[in-house]
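Only the coordinates and a few stated rules stand behind these numbers; no lab work does. No experiment lies behind these values; they were computed from the predicted model shown. Note: ideal-geometry Cβ built from the backbone for every residue, glycine included; neighbour counts use all protein chains shown.
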Amino acid sequence: MFGKIQATALALILALPMAAQAAKVKIGFVNSITGPEAPIGENLTNGVTLALEDLKKKGIDVELVKEDDTGKPEKSMAAFEKMATRDKVAGIVGPYSSKCANAIAKLAEKYKTPLLIPVASKEEITRQSLKWTFRLSATTYDYATILLDMATSLGKPKTIAIINENTDFGTSGAKSAKDYAGKKGIRVVAEEAYAPGSPDYRSTLTKIKSKKPDLVFMVSYVADAILLMRQSREIGITPQAFLGAGAGFATVSFAKEKAISNNVFSSTQWTGDVNWPGAKDFNARYIAKFGKEPTYHAATAYESMMIMAETAAKAGGNQEKIRGALKGGKWNGIMGEVKFADYEGYTNQNKHQMLVEQIQNGIHQTVYPPKYVSKKPVYPFPGWK
Amino acid sequence: MTIFLQSLISGILVGGVYALIGIGLTIIFGVMRVINFAHGDLLMVGMYGTFYLFTLFNIDPFISIVITMPLMFLYGGFLQKVFINRIIGSLPQNQILLTIGMGLVMSNGIMLAFTSDYKILSTTYSSSSFDILGISISTPLLISFAITAGITAVLYWFLLKTDTGQAIRATAQDREAAQLMGINVKRMSIIAFGLGASLAGTAGALISPTYYIFPQVGSTFTLKAFVITVLGGMGSIVGATLGGILIGVAESIGGVYFGSGWKEVVVFVLFLLVLLFKPSGLMGKSNA
């Protein structure tokens, strides 16, 4: 009798991984495919495309259900509901922006569908004791702290001006910067929140120039980063450092604008030359396939899809099991070590190591923390050419 | 004081381009009584034209308007002849749906052809400026303001002095009476829409060295053009010029004294005040 149970158990243990590998898993993916954040959304899509290739090599066949939220929270919510109820996906990866991610975080709870957020950074998203929402990326607080840590380790800044767009990501980033600047004894001399998409920031920047800040901290998506820096150059703002909190400042198109991007710092979740397992290889494959450099958004989306699909395949699509496996699991891939932990009011939040990169002659170079450095930082800002 | 002057001057310079966008919309409205919700998208098409003329043929954005203007004129004329002429005099909601639809086709067509990537047109002077008494004046903005002023002057001359211009004004004043006087109103409509489109396209060309280009960029400007036109008085070109500059200055000064997040509020409060005290707009004549 006992032998029979043992044999069955053994057979089950042997069969389970096989069954899981053969089985198809259905994963949802929400992203900004069109709309104003589409250029960043494209990075996420490409990251996921590479993840699907690698999953296939591992014998995991993912049936991807793709939804476009156009950067609007209500569309993100509709997409989530559709994928959770009609498509019956095992888990969902996405969406891109903080406003969308924050909107659907609670839906994951309602539909008991595991949600893995790759990159949206607003702090509150994982601070609502949500059991079904996981986040791979660091939070806006980490964006601000790593930049200010770097600035204070390189110089003695006393004042800071904060410019942010008035979106979830922007305001959250600005708030974090203000809090942490206070802790570091840096005085906030100007705080400006702007509505994105305006052609003229000159008046705001003039006001900031008159306060002569040592640091200029900016939180902006894609193209506003370029406009802000262009007009900063026009107005002639010369702080000790320009600090860009991710997003627009981490993009390739920003770096290409050498006249304005040179020596700007940007906090990032990932760089192409970081020594996490497979990161350099991912970078090379991405360039070969898509003809441009990946941003950190691509890397987070890749890793999130890998984790979600593998976990879902192992759990045979059982959502309660997937949640348990995400909660208890540990990974070490192109985003470094990943573990979803509960700490400082966060739930299911990966304590991700942020990096600082500086644009030097059109190329993003990792300059902080010292452990990951590829080039020496240029500090203070040498002035405009 | 420097800050005030700085924001005033940037406001006026940006306002000049706004005015050009508003004038285009107001001409179209004046002649056809159609609100063109595709106006921002026409501007976007102008931006893409300028961008590719610059990257492929190395034609300076400010010089490229001699190509963009006639091309956009033809494009606008084509849209009028093929689509809008059919619905003149029909229900307003049909006109709105048609122009919105045209705008969607344009923005999505462009997205299909050139992807949704942001395009940045960087010329040698894109972020250059010069200093007068501590006030920095953006070179590209100043050039575009000068060009706008020139175009507006020529446009006034055209509408006031030439036969075609007078015919357009006659059509705008009273379509039926103009027709009875032997004016080919359909032709005038084609010219007017062509003019409107070419002005929008030119505005696009003028801001492309300092702004960024993507398929959905139009919607911001459609709204702005609409506010400018209504503020100035629908159909009034002087009003649109004034309105454009007023909005530019209000945004700029509002951004400084109330915070950048509040500048839209300042603009719309101003807009509401004008409508409250002068419902027909600054230069508008109220017609029954």
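Just to confirm the filter: which trypsin sites (Lys or Arg not before Pro) across region A:16-120 are DSSP coil and have at most 15 other Cβ within 10 angstrom of their Cβ?
Working: sites: A:Lys24, A:Lys26, A:Lys56, A:Lys57, A:Lys58, A:Lys66, A:Lys75, A:Lys82, A:Arg86, A:Lys88, A:Lys99, A:Lys106, A:Lys110, A:Lys112; in loops: A:Lys58, A:Arg86, A:Lys88, A:Lys112.
Those satisfying the criteria are A:Lys58, A:Arg86, A:Lys88, A:Lys112.
Tell me which residues come under 5 Å, amide H to amide H, from A:Lys26 once H is placed; ignore anything under 5 positions away on its chain.
A:Glu63, A:Ala90
Spin-label point model (7 Å from Cα, Cβ direction): what's the B:Leu133 to B:Ile100 distance in nm?
That separation, rounded to one decimal, is 4.8 nm.
Amide H neighbours of A:Asn164 under 5 Å, at least 5 residues apart or on other chains, H built in the peptide plane: list them.
Answer set, sorted by chain and number: A:Glu192, A:Ala193, A:Tyr194, A:Val219.
Just counting partner chain Cβ atoms within 10 Å, what average do the residues of peptide B:252-262 show around their Cβ?
Values: counts 7, 1, 1, 12, 7, 2, 0, 7, 15, 10, 4.
Going residue by residue through B:252-262 and averaging, the value is 6.
Express as a percent, rounded to the nearest 5, the fraction of DSSP beta bridges in chain A (both residues included) that run antiparallel.
Details: 15 of 50 bridges.
Approximately 30 percent, going by the DSSP bridge assignments.
Taking beta carbons within 10 Å but only from partner chains, what does the mean come to for residues B:51-57?
Numbers: counts 0, 0, 0, 0, 0, 0, 0.
Counting Cβ atoms of other protein chains within 10 Å of each residue's Cβ and averaging gives 0.
Note the full-extension length gain between A:Arg86 and A:Asp342 as 0.36 nm times their separation in residues minus their Cα-Cα distance, in nm to one decimal. Could the numbers behind the result be given before it?
Values: separation 256, 0.36 × 256 = 92.16 nm, distance 3.15 nm.
Net length gain for the segment: 89.0 nm.
Need one number: % antiparallel among DSSP beta bridges in the protein assembly as shown, to the nearest 5. Don't skip to the answer; put the middle values down first.
Details: 21 of 56 bridges.
Roughly 40 percent of the beta bridges in the protein assembly as shown run antiparallel, per DSSP.
Would you mind checking which residues have amide H under 5 Å from A:Lys375's amide H? H placed 1.01 Å from N; only 5 or more apart, or other chain.
Amide H neighbours of A:Lys375, under 5 Å, 5+ apart: A:Thr366.
Residue by residue through region B:212-228, what is 3J(HN,Hα) from phi via Karplus (6.51 cos²θ - 1.76 cosθ + 1.60, θ = phi - 60°)? Round to whole Hz and write x for glycine and proline.
Per residue, the Karplus-derived 3J(HN,Hα) values read 10, 10, 8, x, 9, 4, x, 4, 4, 7, 4, 4, 5, 4, 5, 4, 4 Hz.
What is chain A's relative contact order, in percent, from Cα pairs under 8 angstrom and six or more apart in sequence?
Details: 848 pairs, mean separation 72.6, N = 385.
Relative contact order of chain A: 19 percent.
Please name which of A:Val264, A:Gly248, A:Met305 has its Cα lying farthest along the dipole of region A:236-355 towards the positive end, using unit charges on Cβ (Lys, Arg +1; Asp, Glu -1) and the Cα centre as origin.
With unit charges placed on the Cβ atoms, the residue in question is A:Met305.
Taking the beta-carbon count within 10 Å as an exposure proxy, list A:Glu337, A:Glu320 from fewest neighbours to most.
Values: A:Glu337 14, A:Glu320 11.
Ordered from fewest to most neighbouring Cβ atoms within 10 Å, A:Glu337, A:Glu320 come out as A:Glu320, A:Glu337.
Rounding to the nearest 10 and keeping the result within 0 to 90°, find how far the Cα-based axis of helix B:92-114 lies from the longest principal axis of chain B.
50
Say the cut-off is 32 Å between C-alpha atoms; which of A:Lys75/A:Lys292; A:Lys110/B:Lys119; A:Lys209/B:Lys224; A:Lys256/A:Lys327; A:Lys82/B:Lys81 go over it? Write down the numbers at each step before the final one.
Numbers: A:Lys75/A:Lys292 29 Å; A:Lys110/B:Lys119 41 Å; A:Lys209/B:Lys224 28 Å; A:Lys256/A:Lys327 40 Å; A:Lys82/B:Lys81 43 Å.
The answer is A:Lys110/B:Lys119; A:Lys256/A:Lys327; A:Lys82/B:Lys81.
What is the spin-label model distance, in nm, from B:Leu180 to A:Ile287 if the labels are put 7 Å beyond Cα along the C-beta direction?
7.5
Roughly how many Å is it from the Cα centre of region A:263-330 to that of region A:117-170, as a whole number?
Centre-to-centre distance over Cα atoms comes out at 19 Å.
If the cut-off is a Cα-Cα distance under 14 Å, which aspartates and glutamates reach A:Lys66, setting aside same-chain residues fewer than 8 apart in sequence?
Candidates past the 8-residue exclusion: A:Glu42, A:Glu81, A:Asp87.
Sort out for me the Cα centre separation of region B:15-84 from region A:43-59, rounded to whole Å.
42
Per residue of region B:157-171, in order, report the coupling 6.51 cos²θ - 1.76 cosθ + 1.60 (Karplus, θ = phi - 60°) as ³J(HN,Hα) in whole Hz, putting x for Gly and Pro.
Per-residue couplings from phi come out as 4, 4, 6, 8, 9, 8, 4, 4, x, 5, 5, 5, 5, 5, 4 Hz.
Taking the Cα-to-Cβ direction at B:Lys161 and at B:Tyr257 and moving 7 Å from each Cα, how far apart do the two end points lie in nm?
My value for the distance between the label points is 4.0 nm.
Running a GNM on chain B with Cα contacts under 10 Å, which residue among B:Gln95, B:Gln173, B:Gln80 ends up with the highest mean-square fluctuation?
B:Gln173
Show that you can apply the helix-only estimate: for the protein assembly as shown, add -39,500 (n - 2.57) for every DSSP H stretch of four or more residues, divide by all residues, and state [θ] at 222 nm to the nearest 500.
Numbers: 24 runs with 381 residues, N = 673.
Estimated from H runs of four or more residues: -18500 deg cm²/dmol.
Explain nothing, just the number: relative contact order of region B:35-166, from Cα pairs under 8 Å at least 6 residues apart, as a whole percent. Let's see the in-between values first.
Details: 75 pairs, mean separation 32.7, N = 132.
Contact order relative to length: 25 percent.
Say R0 is 22 Å: what FRET efficiency, to the nearest 0.05, do B:Phe114 and B:Ile67 get from their beta-carbon distance? Walk me through the intermediate numbers first.
Values: r = 18 Å, r/R0 = 0.84.
Efficiency, from the Cβ-Cβ distance: 0.75.
Need one word for region A:292-349: rounded, prolate or oblate. Basis is the Cα gyration tensor (sqrt eigenvalues a ≥ b ≥ c); a/c below 1.5 gives rounded, then a/b vs b/c decides. Spell out each step's value before the answer.
Details: a/c = 2.41, a/b = 1.28, b/c = 1.89.
In terms of gyration-tensor shape, oblate.
Short version: ³J(HN,Hα) in whole Hz for each residue of region A:120-127, in order, from phi by Karplus 6.51 cos²θ - 1.76 cosθ + 1.60 (θ = phi - 60°), x for Gly and Pro, what are they?
So the Karplus estimates, Gly and Pro as x, are 4, 10, 3, 3, 4, 3, 9, 10 Hz.
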